[in-house]
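Written below as structure tokens is the structure these notes are about.
The values are calculated or read from the model by the stated rules, or taken from the named source; none is laboratory data. Remember, predicted model here, so these are calculated numbers, not experimental data. Every residue, glycine among them, receives a Cβ derived from its backbone with ideal geometry; neighbour counts consider all protein chains shown.
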Amino acid sequence: MITVHRTIAALAASAIVLASCGSDGNDAATADTVAADVVDADGPITLVTYESFPTEETPINDQLAAFTAETGIEVEILVAGDTGTMLSKAELTAGNPEGDVMWGIDNSFLTRAISSEIFEPYTADGLDAIDDQFTALVPNGEATPVDFGDVCINYDIGALEGLGIEPPASLDDLTDPTYADLLVVQNPATSSPGLAFLIATIDEYGADGWQDYWSSLVDNGVSVTDGWTDAYYGEFTYAGGDRPLVVSYGSSPPFEVLFGEGLTEAPTGVVESTCFRQVEFAGVLAGTDQPEAARQLIDFMISEPFQAEVPLNLFVFPSNTDVELDQAFQDFAVIPDSSRSVEPDVVDANREEWIDEWTDLVIG
């Protein structure tokens, strides 16, 4: 488990410079979003988030610094592990939270978070720019949709070519001996993409058939890690591991193009038929000592300047429909027309049983 505190206020001065050098549209949006309702914060507020949220100096952190510069509200980041671990900690401290705002609860954990009363309901300013399909999941303002992405099987194109193997085309293919010892997934008890992939298999094979499917994956040598970072950067061949198939995101290929050296084509691909739609939320933590400052941070997080940095920093897509995606995401990202989804209340009613069964089958 990784736990990191980072104070964003130290970047405030540089953020002012960045704001003055940025595009006119973003500058105006930032100022309009955060300057109108400055609050008197009683010290810094803490953003609790998952392990893949950037904690180094990146554009998304520069945006938080700009928020501090405009409002006087300092933001500290507390990384609390993967989504499942983060939520479990929040449940233990419900009403007396470790922080003020939480980012990263997804639709597979949403109903659990709401029933555990970790969030204070809040209808954010700017919510009219958020896709209606996402706000429909939280009709009473229980949390705020901040991003979405599709959890899918990704593959290393070059590694499979080197093995003389065609990419899999379906979930069924992953049980074929051709792909023995080539797949790494995440533990659904501790990882939101891991849980999303488990739910995708339940959607495909049904309540009485997914167990046999996972037994077949085990027989075919599937590897399991606690979280996405260990899977992608630890075992995936494109990052130096030895497995060319990994549970990741439909937005991973354009990220590799943008940050790879001299790449004009995506080095990784996506098996579109395996994708499960994941929506992530941020919320004001119930019991915060600084609810007004926390609400203002939520408003800022769905504004265009902050949302524009989401794809390049978090591998996912902005929930704000006014944000134009970078050309690489338009060219190489996979956003399926018919991505898999399961109603949050169905997930909530069965999640623990599914995870327990999965653990018995796969971990033993």
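In summary, strands (runs of 3 or more DSSP E) completely within region 46-163 and bearing 1 or more residues that are of a type in the set (Phe, Trp, Tyr) occur at 101-106, 144-156. Could you list, in sequence order, all residues of region 172-203 that are of a type in the set (Val, Ile, Thr) and without any contact (Cβ under 8 Å) to a residue 60 or more places away in the chain? If the condition is that a residue be of a type in the set (Val, Ile, Thr) and without any contact (Cβ under 8 Å) to a residue 60 or more places away in the chain, then THR175, THR178, THR201 are the ones that fit.
Determine if region 57-65 includes at least one residue that is modelled with pLDDT under 85, over 27 Å from the mean Cα position of the chain (by Cα) and not small (Gly, Ala, Ser). No. Scanning region 216-231 for residues being over 28 Å from GLY104 (Cα atoms), buried (at least 17 other Cβ atoms within 10 Å of the Cβ) and among the acidic types (Asp, Glu) gives a total of 0.
Rundown of residues vs (1) assigned to a helix (DSSP H, G or I); (2) on the phi < 0 side of the Ramachandran plot; (3) crowded, with 22+ Cβ neighbours inside 10 Å, yes/no style:
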| site | (1), (2), (3) |
| --- | --- |
| GLY241 | no, yes, no |
| PRO253 | yes, yes, yes |
| VAL257 | yes, yes, no |
| CYS275 | no, yes, yes |
| GLY283 | no, yes, yes |
| ALA294 | yes, yes, yes |
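Count, please, the residues in region 204-215 that happen to be surrounded by fewer than 20 Cβ atoms within 10 Å (Cβ to Cβ) and within 20 Å of TRP228 (Cβ to Cβ). Counting residues in region 204-215 that are surrounded by fewer than 20 Cβ atoms within 10 Å (Cβ to Cβ) and within 20 Å of TRP228 (Cβ to Cβ) gives 0. Anything in region 66-107 that is among the polar types (S, T, N, Q), at pLDDT below 95 and either in contact with a helix residue (DSSP H, G or I) (Cβ under 7 Å, 6 or more places away or on another chain) or surrounded by 21 or more Cβ atoms within 10 Å (Cβ to Cβ) (or both)? List them, or say none. The answer is THR83, ASN107.
Which residues, counting only those in region 324-349, are without any contact (Cβ under 8 Å) to a residue 60 or more places away in the chain and either polar (S, T, N, Q) or in contact with an Asp or Glu (Cβ under 6 Å, 6 or more places away or on another chain) (or both)? Outline the logic, then answer.
So the first thing to find is which residues in region 324-349 are without any contact (Cβ under 8 Å) to a residue 60 or more places away in the chain, and the list is 324-325, 327, 330, 337-338, 343, 346, 349.
Result: GLN327, GLN330, SER338.
Here LEU183 meets each of (1) at pLDDT 95 or above; (2) aliphatic (A, V, I, L, M); (3) surrounded by fewer than 22 Cβ atoms within 10 Å (Cβ to Cβ) with one exception, condition (3). Counting only residues that are basic (Lys, Arg) and within 19 Å of ASP62 (Cα to Cα), region 281-323 holds 0 of them.
Per-residue answers, yes or no, for (1) free of Cβ contacts under 8 Å to residues at least 40 places away in the same chain; (2) touching a Pro at 6+ places or on another chain (Cβ under 6 Å); (3) not assigned by TED's automatic domain parsing to the domain that holds GLU51:
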{"position": "GLY72", "(1), (2), (3)": "yes, no, no"}
{"position": "GLY104", "(1), (2), (3)": "no, no, no"}
{"position": "ALA129", "(1), (2), (3)": "no, no, no"}
{"position": "ALA159", "(1), (2), (3)": "no, yes, yes"}
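Checked against (1) within 22 Å of ASP106 (Cβ to Cβ); (2) assigned to a loop (DSSP other than H, G, I, E, B); (3) among the hydrophobic types (A, V, I, L, M, F, W, C); (4) touching a Ser or Thr at 6+ places or on another chain (Cβ under 9 Å), VAL270 passes all but condition (2).
Within region 191-198, at least one residue is modelled with pLDDT of 95 or more, within 18 Å of SER339 (Cβ to Cβ), buried (at least 23 other Cβ atoms within 10 Å of the Cβ) and among the aliphatic types (A, V, I, L, M).
Candidates in region 314-340 are the residues that are surrounded by fewer than 18 Cβ atoms within 10 Å (Cβ to Cβ) and of a type in the set (S, T, N, Q); of these, the one that is modelled with the highest pLDDT is THR321. One residue stands out in region 231-264 among those that are among the acidic types (Asp, Glu) and at pLDDT below 95: the one that is farthest from the chain's Cα centre (by Cα), namely GLU261. Filtering ILE298, ILE355 for residues that are within 18 Å of THR135 (Cα to Cα), among the aliphatic types (A, V, I, L, M) and not in a loop (DSSP other than H, G, I, E, B) leaves a single hit, ILE298.
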